[in-house]
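Have a look at the structure below before the remarks.
The values are calculated or read from the model by the stated rules, or taken from the named source; none is laboratory data. A quick note: this is a predicted structure, and the numbers were derived from the prediction, not measured. As a convention, Cβ positions derive from the backbone with ideal geometry for all residues, glycine included, and neighbour counts pool all protein chains shown. Just so you know, the surface numbers come from the protein's heavy atoms only, side chains and all, with ligands and any DNA or RNA stripped out. Shrake-Rupley method; radii C 1.70, N 1.55, O 1.52, S 1.80 Å.
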Amino acid sequence: MAPWGGSPGFRQWWGLKSLLSKRQAHQAALEAEVEFLDQESQKLESSPEIQEREIRKNMGYAGKDEIVFDF
């Protein structure tokens with residue numbers, strides 16, 4: 001099989017190279033997500049408006065003069 005597909009070492013190198021590129025792409029995606037979450041964290045720590053929005057959205061709090069209908 002070596003004449004048609006190359007040596008086993010070459011096939012292993014090619015497979016590892018492919019795996020490395022996939023892992024690097026996954027790492028880049030994770031780094032982008034970490035950057036996004038870091039920015040969101042900074043916004044939550046510094047902005048009372050965003051804090052209020054998240055509290056209302058996640059905990060179901062109603063604002064002043066609001067009526068909540070639970071269906």
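For the reader, a short list of remarks on this structure follows.
- Annotation: lysines with alpha-carbon distance below 18 angstrom to K64 (same-chain offsets under eight excluded): none found.
- Label point distance in nm, S7-I55, each placed 7 Å from Cα along Cα→Cβ: 6.8
- For the pair region 4-35 and region 38-71, the centres of their Cα atoms are 42 angstrom apart.
- Apportionment of accessible area to carbon and sulfur, the chain, percent (1.4 Å): 60
- Solvent-accessible area of L37 with every protein chain in place, 1.4 Å probe, in Å² to the nearest 10: 100
- For region 37-52, the Karplus equation 6.51 cos²θ - 1.76 cosθ + 1.60, evaluated at θ = phi - 60°, returns couplings of 5, 5, 5, 5, 4, 4, 5, 5, 6, 10, 10, x, 5, 5, 4, 4 Hz by residue, with Gly and Pro reported as x.
- On full extension, the segment bounded by K64 and Q27 gains 8.9 nm, given 0.36 nm per residue less the C-alpha separation.
- Proximal charge balance of V68 [Cβ under 14 Å; K/R count +1, D/E count -1]: 0
- Under 18 Å from K57, Cα to Cα: lysines that are on another chain or at least 8 residues apart: K43
- Modelled spin-label separation between K43 and L16, with each label point placed 7 Å from Cα along the Cα-to-Cβ direction: 4.3 nm.
- In summary, the aspartates and glutamates within cross-link reach of K22, defined as a Cα separation below 19 angstrom excluding same-chain residues under 8 places away, comprise E31, E33.
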